[in-house]
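Asker: Mind having a look at this structure? Questions to follow.
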Amino acid sequence: MGIFSRFKDIVNSNINAILDKAEDPEKMLRLMIQEMEDTLIELKSNCAAKLAYGIKLERKLEESLKTFTRWENRAVLAIGKGREDLAREALVEKRNVQAEIDSLKSQIEENHITIEEAKREISTLEEKLVQAKGKLKILKQKEERARNERMAQEAMSKDVAGHFEQMEEKIDRMNAFNDLEKDAGGITEEKFFELEKDEEIERELKELKNRMENK
């Protein structure tokens, strides 16, 4: 595809519509930007060549104008010397140079129009490129924001999981402590029960002895 065809395709393209249909919008946008940059380089190179060609035409015109003046002066000189034959030849050369001058002026004008058109195309493409890069920046910002949100959610989930784990450990420690207290309480209760039982037996034994002595 030629440079001008590519330029028209790029300028007439709807970036948003293309991105809406793309499976990977960021990748598509990068490809578009690369195409724009390559085309822009070619446009600038083409414009530079036209500028150089214009300078060359201007130099040729300057030389032709000098030649025109020289033949005109020669014709005047020949007339002054009575050499009409030479004057006639000088006027013929002058007319030929005039035709060359007219042609150069026309080429210079056409080249100038081409250069101005190229400059407008470059300006248009640069605006399109800025637009595309702006959209790429927005896409990258959205991607970065989504990544940060995802990381924040993952961190929050880990914090919640860790918090519940700590609560479970705390509850387990409390339950274990309560079990120990219950065990300790059971042992104490048993000891007091034994003491009370021994005291009751001693009392019954004493009463029995007293009854026997009183008989």
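Bear in mind that the values in this text are calculations on the coordinates, not laboratory data. The structure displayed is predicted, hence computed values, not measured ones. So basically every Cβ, Gly included, is an ideal-geometry build from the backbone, and we count neighbours across all protein chains shown.
Asker: I want to check a number: in the range 52-142, how many lysine pairs have alpha carbons closer than 19 Å, given a sequence separation of 8 or more or different chains?
Answerer: 12
Asker: Net charge within 13 Å of Q141 by Cβ-Cβ distance, Lys/Arg positive one each and Asp/Glu negative one each, not counting Q141 itself?
Answerer: Working: positive: K133, K135, K137, K140, K142, R145, R147; negative: E26, E143, E144, E149.
Within the 13 Å Cβ shell, the charges total +3.
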